[in-house]
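Have a look at the structure below, then the notes.
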Amino acid sequence: MVKLVVLGVCGSAAAIESPKLARELVRRGISMRCVMSASAREIIHPNIMEWATQHKVITGITGKVEHVNLCGVEGTASLLLICPATANTISKIANGIDDTPVTTFATTAIGSGIPVIIVPAMHASMYKNPFVVENLEKLKRRNIQIVEPRFEENKAKLADIEKIADIVLRTV
């Protein structure tokens, strides 16, 4: 049976890697859907994610209740992958704030008990901010998996695509 992964894309410069990640997971036999925040759409266009996933991108919550159909109790998704995850989105999820399409999917997935993987990417000073550190720890205590970034050039860069794909496959 083909597993379905919902990819939540946030407004980090690392969003340019999202099509590559989605294509890698599709090549590995995963069915993909994508939900994008408004900030992510300022960095990459939803059309590239539609190409990468072969499905229309979710850019807002509508009367179709996409978040419930995919990540709800009886939803079809096996996993929610938030990649890249910004300090803003990480902190919102950790504190139960639900005001973007990505955070709405996270609220639904966490409430439904489906696995959630968060892949942070931001400047190192943001990643090391004590509030962000505390929020990452809070998420880990709730069994949300955090894929640690690579530290280069004073940035907490996105983990390698192959590493992320391997973790997703092991989890689903």
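A short reminder: the numbers here are calculations on the coordinates, not readings from a lab. Just so it is clear, the model here is predicted, and its values are computed rather than measured. Cβ coordinates were reconstructed from backbone atoms using ideal geometry, including for glycine residues, and neighbour counts include every protein chain displayed.
Here A52 meets the list (1) over 14 Å from L139 (Cα atoms); (2) surrounded by fewer than 21 Cβ atoms within 10 Å (Cβ to Cβ); (3) of a type outside the set (S, T, Y) almost entirely, failing just condition (2).
The residue that is nearest to K92 (Cα to Cα), counting only those in segment 19-38 that are among the β-branched types (V, I, T) and in contact (Cβ under 8 Å) with a residue 60 or more places away in the chain, is V35. Looking only at segment 1-39, count every residue that is of a type in the set (A, V, I, L, M, F, W, C), surrounded by fewer than 24 Cβ atoms within 10 Å (Cβ to Cβ) and part of a loop (DSSP other than H, G, I, E, B) and tell me the total. Qualifying residue count for the region: 3. Determine whether K64 is basic (K, R), closer than 29 Å to S125 by Cβ and either in contact with a helix residue (DSSP H, G or I) (Cβ under 6 Å, 6 or more places away or on another chain) or loosely packed, with under 15 Cβ neighbours inside 10 Å (or both). The answer is no for K64.
The set of residues in segment 79-113 that are touching a strand residue (DSSP E or B) at 6+ places or on another chain (Cβ under 8 Å) and surrounded by fewer than 20 Cβ atoms within 10 Å (Cβ to Cβ) contains only I110.
I want to confirm something. Restricting to segment 115-172 and keeping residues that are within 20 Å of F105 (Cα to Cα) and polar (S, T, N, Q), which single residue is surrounded by the fewest Cβ atoms within 10 Å (Cβ to Cβ)? Per the criteria, the residue is N143.
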